[in-house]
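Take a look at the structure set out below.
The values are calculated or read from the model by the stated rules, or taken from the named source; none is laboratory data. This one's a predicted model, so the numbers in the text were calculated from it and none came from an experiment. Cβ coordinates were reconstructed from backbone atoms using ideal geometry, including for glycine residues, and neighbour counts include every protein chain displayed. When the accessible area is computed, the model is the full protein with side chains, heavy atoms only, and any ligands, DNA or RNA have been set aside. Shrake-Rupley method; radii C 1.70, N 1.55, O 1.52, S 1.80 Å.
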Amino acid sequence: MKNVLIYVETFLPASQAFIVNQVKSFKRFDSEIMAGKRTSTVHDTTGRVKISSIRESASMRAGELLLKVPRLAVPALFPPLSRADLVHAHFGKNGYVIAPLAKAAGLPLVTTFHGFDATYQGDPKTPGGFNQVRFFAGGRQELARSNTWNIAVSDFITDKLLALGFPRERIYRHYIGIDTSLFQVPSKPRRKGLVVSIARFVEYKGHKLMIEALAKVAAQGIPVEFAMVGQGPLRDEMEVMARKLLPKVTMFENLTQAQIRDLLCEAEIYVHGSVTLANGHAEAFGLANLEAEAVGTPVVAFRSGGVGEAIEDGATGFLVAERDITGMADAIGKLLTNPELWASFSRRAPVMVSTRFDITRQTGLLEDYYGTVIDAYKKGQ
């Protein structure tokens, strides 16, 4: 079997569980994750997945310093490279960082763009981080001109990469998908009025707008309970606001995939509040929407970025105009008060997800792409 080396900066923030889920779905490739550093989360138990931490190796630490500062690549300092047939970096900045190393090792590089790395158009200095600044100041264009390969997680991200100058023939649109063997329709009843959001507490995720919309629903006398799952700088502020405006609020932080599934199985609605910021940043896709739909929970979301690619408007959920809190409130209220409509959405949603977004099928397509890239690289294409 061929071996793919997955490169990430940190293994593994809770919001990046999709990386492990994808790796565990490989059938035709062996895999190894090379991470700059490790952090303890509920997703840090990976079973058969091999992980090499750069910070835990003296040679790799030295190699990382050379790579990140003067951009000097010394493959011999990174033992995992000797076992690889292809390097796959998650997030554009990581692709930019490791590109010289992959080139020096004679390995093809695939970089997956997940959102911010493709949509951000603000001041390169604002995001912070030495290589993040270099990436947005010119590294992104450098990567676009290189003979590497790129994955866009949605059609929306494909369009963003094209606008940045990435050649179309070097972009593969690939939906990651979800584990439909884990996310299945429950047999137990739903909790009346439970609305769930799973999102980092950052501005573009739109928690303030979701809370305001749910407050309008509650003001109509419709029972509402809001459960928010996530971490981030705005968490405390959003919790204070929610408890002030809503009758019942529950907060969660680091849930396992199974715990997330159980919560979604209890919910009547999943709400997604992402919006486009002034700096261009927008939601790339929204895997949590698929997780909700897979267990038969209808979604109400703003029509923002690539969100609509995961929802059949009027069949598995409702899409409303960005920042239209009245429209969001109306859609939530309609589903909470119309059992027949809710049931039709709940029946259709799992069928849509299993047909289009099952991770086993999607990972098989990714492995096909790996094979295409390796063959093309060998031919010098």
In nm, to one decimal, how far is the modelled label at Val49 from the one at Leu162, with both set 7 Å along Cα→Cβ? 3.2 nm
If we restrict to alpha carbons, what Rg and Dmax does region 277-350 come to, in Å? 12.3, 41
Thr256 paired with Ser59, simple spin-label distance in nm, labels 7 Å along Cα-to-beta-carbon: 3.6 nm
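Relative contact order for region 23-162: what is it in percent, counting Cα pairs under 8 Å that are at least 6 residues apart? Intermediate results must be reported in sequence, preceding the final value.
Details: 174 pairs, mean separation 24.1, N = 140.
That works out to 17 percent.
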With DNA, RNA and ligands ignored, accessible area of Phe318 (1.4 Å probe; Å², nearest 10): 40 Å²
Taking the 0 to 90 degree range and rounding to the nearest ten, how far is the long axis of helix 92-104 tilted relative to the main principal axis of the chain, both from C-alpha atoms? 20 degrees
Where the centre of each part is set by its Cα atoms, how far does region 1-30 sit from region 288-317, in angstrom? 25 Å
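Please list 273-282, 252-261 highest first by mean number of surrounding beta-carbon atoms within 10 Å per residue. Don't jump to the answer; show the numbers that get you there.
Details: 273-282: 18.8, 252-261: 16.0.
Answer by packing, highest mean first, reads 273-282, 252-261.
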Please report, as a whole percent, how much of the solvent-accessible surface of the chain comes from carbon and sulfur atoms (probe radius 1.4 Å). 52 percent
Remind me, relative contact order of the chain in percent, using alpha carbon pairs under 8 angstrom and six or more residues apart? 15 percent
Working from Cα positions, state the angle (0 to 90°, nearest 10) between the long axis of helix 325-337 and the longest principal axis of the chain. 60 degrees
Between the modelled labels at Thr39 and Leu182 (7 Å from Cα along Cα→Cβ) the distance in nm is 1.9 nm
Dipole of the chain (Lys/Arg Cβ +1, Asp/Glu Cβ -1, origin at the Cα centre): which of Leu81, Ala310, Gln220 lies farthest to the positive side? Leu81
Between Asp368 and Arg191, take the C-beta separation as r, use R0 = 41 Å, and let me know the FRET efficiency to the nearest 0.05. 0.50
For Thr250, the residues 5 or more places away or on another chain with a placed amide H closer than 5 Å to its own amide H are Phe226, Ala227, Met228
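If you count only protein heavy atoms with a 1.4 Å probe, what accessible area per residue comes out for region 50-121, rounded to a whole Å²?
Values: 2610 Å² over 72 residues.
Each residue of region 50-121 exposes 36 Å² on average to a 1.4 Å probe.
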By how many degrees, between 0 and 90 and to the nearest 10, does the Cα long axis of helix 235-245 differ from the longest principal axis of the chain? 10 degrees
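Quick one: if the Förster radius is 25 Å, what FRET efficiency do Thr10 and Val240 give, using the C-beta to C-beta distance and rounding to 0.05?
The formula returns an efficiency of 0.30 here.
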Region 57-165: mean projected area of Cα convex hull, nm²: 6.7 nm²
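Just to confirm a number: summing +1 for Lys and Arg and -1 for Asp and Glu over residues other than Thr337 whose beta-carbon lies under 13 angstrom from that of Thr337, what do you get? Walk me through the numbers before you get to the answer.
Working: positive: Lys192, Lys334; negative: Glu268, Asp330, Glu340.
Net of charged neighbours comes to -1.
Helix-only mean residue ellipticity at 222 nm, the chain, DSSP H runs n ≥ 4 weighted -39,500 (n - 2.57), per residue, nearest 500. What is it?
Numbers: 14 runs with 149 residues, N = 381.
Using -39500 (n - 2.57) per qualifying helix, the result is -11500 deg cm²/dmol.
Roughly how many debye, to the nearest 20, is the charge dipole of the chain about its Cα centre, given +1 on each Lys and Arg Cβ, -1 on each Asp and Glu Cβ, and no other charges? All intermediate terms of the calculation are to be shown ahead of the outcome.
Numbers: 45 positive and 38 negative charges, 163 e Å.
Charge dipole, the chain, about its Cα centre: 780 debye, nearest 20.
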